[in-house]
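The numbers here are math on the coordinates, done by the rules we state, and not lab data. Predicted, not measured: the structure shown is a model, and the values here were computed from it. All Cβ positions, even for glycine, are placed from backbone atoms using ideal geometry, and neighbour counts span all protein chains on display.
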Amino acid sequence: MTSALFGSTATAEAFYDFKVKDADGKTVDLSIYKGKVVLIVNVASQCGFTPQYKEMAELYNKYSSQGFVILGFPCNQFGGQEPGSNAQVKKFAQDRGAKYPIMSKVDVNGSGEDPLFGFLKAKQGGLLTKDIKWNFTKFLVDRQGNVIKRYGSSTTPLSIEDDIKGLL
């Protein structure tokens, strides 16, 4: 599965160069987020980290008026923990307080990797390998489109609140 419409990691030079699909199938040009702080999260509805949806909603509700946005990218690559359709995933997220954009399902690793995630991983590699290890990996992008930091699945959204506030 892939949602990115533009570029590969070789042709895209900036976060804002990408176009992705949202859960409704509409194209979203990431350049609309210029000047905003963006948290990108690969989400899953049947994961042990799924309760993080609540904290993500809390952060979004608290800081969206200051230029903060979260982009949730459903991923079914880890234990088949996101088996639903895009519409089901979006409803699941909204039922847990998500007022931020939910995108189309993507692969974050491997040959079908979404180019956006290839770009994010190239900018902020992981421990031992750049591959994303599990659901709810997070990437923080500043107002200029720089990928500032990567957080593992067990890092809760509220634990990175100070990093977010520092960029706002």
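Of Glu82, Glu161, the sequence from fewest to most neighbouring Cβ atoms within 10 angstrom is Glu161, Glu82. Taking each residue as 0.36 nm, the span from Lys26 to Ser85 lengthens on full extension beyond its C-alpha to C-alpha distance by 19.7 nm. Label positions at Lys133 and Ile148, each projected 7 Å from the Cα along the C-beta direction, are separated by 2.3 nm. Every helix of 4 or more DSSP H residues in the chain counts as -39500 (n - 2.57), and over all residues that averages to -6500 deg cm²/dmol at 222 nm. For Arg150, the shell of other residues with beta-carbons less than 12 Å away shows a net charge of +4, using +1 for Lys and Arg and -1 for Asp and Glu.
Decide, for region 1-121, between rounded, prolate and oblate: order the square roots of the alpha carbon gyration tensor eigenvalues as a ≥ b ≥ c, take rounded if a/c falls under 1.5, and otherwise choose prolate if a/b is larger than b/c, else oblate. Verdict is oblate for region 1-121. Counting only DSSP beta bridges with both residues in the chain, the antiparallel share comes to about 55 percent. Counting only Cβ charges, +1 for Lys and Arg and -1 for Asp and Glu, the dipole size of region 13-168 around its Cα centre is about 180 debye.
Restricting to Cα pairs below 8 Å that are 6+ residues apart, what does the relative contact order work out to for the chain? Please round to a whole percent. For the chain, the relative contact order is 30 percent. Each of Thr156, Thr137 has some number of other Cβ atoms within 10 Å of its Cβ, and from fewest to most they run Thr156, Thr137.
Exposure proxy ranking for Phe117, Phe68, Phe73, based on other Cβ atoms within 10 angstrom of each Cβ and starting from the fewest, stands as Phe68, Phe73, Phe117.
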